[in-house]
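Heads up, the thing below is written out as structure tokens.
The values are calculated or read from the model by the stated rules, or taken from the named source; none is laboratory data. Just so we're clear, the structure is a prediction, and the values are computed from it rather than from any experiment. Glycine also receives a Cβ, built like all others from the backbone with ideal geometry; neighbour counts cover every protein chain displayed. Just so you know, the surface numbers come from the protein's heavy atoms only, side chains and all, with ligands and any DNA or RNA stripped out. Shrake-Rupley method; radii C 1.70, N 1.55, O 1.52, S 1.80 Å.
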Amino acid sequence: MNNLGYLAGAILLALLAQKAWIRLQLSRAKHRSLTGHSKMARRFAGWVPFYEYDETRFFKADAAPQRIATQRREGFMRLAALFEQRFRKTAALTGEIFAEVSDLQFTSRYRVPFQFSRVVRDHFKAGAFLESSAGVHVTDLDGNRFYDLTGSYGVNVFGYDFYKECIARGSERVRDLGPVLGAYHPVTATNVKRLLEISGLDEISFHMSGTEAVMQAVQLARYHTRRTHLVRFCGAYHGWWGDVQPGVGNPLPARHTYTLEDMDDAALKVLRNRKDIACVLVNPLQALHPNIAAPGDSTLVDSGRSAHFDRAAYSAWLAQLRAVCTERGIVLIFDEVFVGFRLAPGGAQEYFGVRADMVTYGKTLGGGLPVGVVCGRADLMRRFREDRPADICFARGTFNSHPYVMGAMHEFLQQLDSEPVRAIYRDLDQVWDRRAAELNQRLSAAQLPVHVSHLSSIWTLTYSLPSRYNWMFQFYLRAAGLALSWVGTGRLIFSLNYSDADFEAVADRVLSAAAQMARDGWWWQGVGLTNKSIKRRVLRELLRARLGQSRLPQARWDTSSIGSINSPRSR
Ligand SMILES: Cc1ncc(COP(=O)(O)O)c(C=O)c1O
């Protein structure tokens, strides 16, 4: 071979080595959990066999002695009888539509780990209807009044009465135009101005949901950078659109998504070295539990759930992300659909002191009505190219900028500037930090194995003793008059109109519910019971079920039980 041949070979080798190095960096930037490995998670989900406990095994899935199983059974049946009597009307109406509403079937199935689900469903028919809301309460069809900790998926930041007012006043304001679409009601103009002030960005687009807003932001980032991939961080939720849901839950693989480890230098290296990254999506809610998916009780296999919020560390991480995105021309998108307006009037950008190129808002911003909003830099928001008239980035939506939504949003934004609302924000973190500390102090003084972690008014419960039954706590809390969403104790969302007295009442109920649950034997501690031993036991059960299943005709088995394994962590 002549010199030229050697040179060409050496260049080729160097290129291949560089490619391999960049690929290796990507592997290193993935979180070690299944949540960090979408393909593997999907494969695992497809592998998990269905099996369930009968009423005998249900009470001793942790090999508890008969005495404890009996104690648990008595507690369970007492609670079931209370549900039956207290929620009769609400449960009856739910029963009437249950078989026809797929949403209901899904949420009821995934309230608790799948092995326990049937027995729970057979006995706890809580019902999915509510009659009214007022203050921090909601009332069901049987007249039961609950403290609301669902937060309506995060929409309810200021209390339901606040949103009723926004809707009523907003509707009044736009009544003459009514539901005319396409043209804008004049309130839209003031909304535009105010939102651009809040976001510090140049242009805006209106959509109907948070999912759509995220889709639009990513689409625009791809269009303008001419790059293909979006980066999201492990565990983060950005709506149910396929590209941001690359693992379990999406029937197709997301081919243009990188899921990287949150708050990790390896992720920064990937951003620095790859040329195909259009944008980075950040959901600041992950600051409470980086790299872990939304903590639903159906994933409470043991007590391994953890959460901890460190504002300074997360701010520093966002600043690093900002710097690398600027350096590499990557669009930094803050998805504030959940946390926007909950942490600070200027949202997560203000709260963490970092500015994004695009911000998505939704939920509460609609003043109680459905909405999604994208704010962004002018050069990123344009949907056409001056020099290529046929090259456009298409996005429309029939109900975008609906007058009634704009009316309610207008009221929301006006209220945001009012003195009572400003006053709420002034000492927001101190209030919620103090409340969390007080509740934790009371729980630990009572030697109850429950702990609260929080990001301002967004709370999650964790459990300090190894147990297979922590998810039972949601039913004790409901019996104590606290309304939780279907993810149970994984996510408690307070509205900011909770007074100290309201909070005290909630804390009393949490304590009494936990004490009752402890008395009923659910937190029994056997010799050798650890989170590890629980995981090992469940894995053995899975293997046994899987082996049994492969020997039986496929049709006899229900393999739809994927939801409860969407975040088993290997750490
Ligand atoms: C951060 C974030 N982004 C997007 C969405 C999707 O919003 P929507 O449910 O309005 O489509 C959600 C919903 O929970 C969210 O929390």
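With the whole protein complex present, Lys193 retains an accessible surface near 140 Å², based on a 1.4 Å probe. May I ask for the Rg/Rh ratio of the stretch 194-273, computed from Cα atoms with Rh as the Kirkwood radius, given to two decimals? Ratio value, two decimals: 1.00. Given an 8 Å cut-off on Cα distances and at least 6 residues of separation, report the relative contact order of the chain as a percent. This gives 24 percent for the chain.
Surface composition of the stretch 14-101: carbon plus sulfur atoms contribute 59% of the solvent-accessible area (1.4 Å probe, protein chains only, all chains present). Shape class of the stretch 30-118 from the Cα gyration tensor (axes a ≥ b ≥ c, square roots of the eigenvalues): oblate, since a/c reaches 1.5 or more and a/b does not exceed b/c. Gly75 sits among other residues whose Cβ lies under 10 Å from its own Cβ, and their net charge, with Lys and Arg +1 and Asp and Glu -1, is +2.
Seen from Ser418, the other residues with C-beta closer than 12 Å to its C-beta sum to a net charge of -3, counting Lys and Arg as +1 and Asp and Glu as -1. If only the Cβ of Lys and Arg carry +1 and only the Cβ of Asp and Glu carry -1, the dipole of the stretch 210-346 around its Cα centre is close to 580 debye. Rounded to the nearest 10 square angstrom, His451 shows an accessible area of 80 square angstrom against a 1.4 Å probe. For Arg377, the solvent-accessible surface with a 1.4 Å probe is about 80 Å², rounded to the nearest 10. Beta bridges from DSSP with both residues in the chain: antiparallel share about 60 percent, rounded to the nearest 5. Solvent-accessible surface of the chain, averaged per residue with a 1.4 angstrom probe and all protein chains in place: 45 square angstrom. Anisotropy class assigned to the stretch 118-250 is oblate, per the alpha carbon gyration tensor with a/c at or over the 1.5 cut-off and a/b no larger than b/c. What whole-number distance in Å separates the alpha-carbon centres of the stretch 469-487 and the stretch 77-123? So the two Cα centres are separated by 13 Å.
Using all pairs of distinct alpha-carbon atoms, the Kirkwood hydrodynamic radius of the stretch 162-209 works out to 12.3 angstrom. Averaging the Cα positions of each part gives two centres, and for the stretch 26-48 and the stretch 189-263 these lie 21 Å apart. So the label point goes 7 Å from the Cα of Lys89 along Cα→C-beta, right? Which residues of the stretch 113-140 then have their backbone N under 11 Å from it? Within reach of a label on Lys89: 131-132, 140.
Could you tell me whether the chain comes out rounded, prolate or oblate from its Cα gyration tensor? Rule is a ≥ b ≥ c as square roots of the eigenvalues, rounded for a/c under 1.5, then prolate if a/b exceeds b/c, otherwise oblate. It comes out oblate by the Cα gyration axes.
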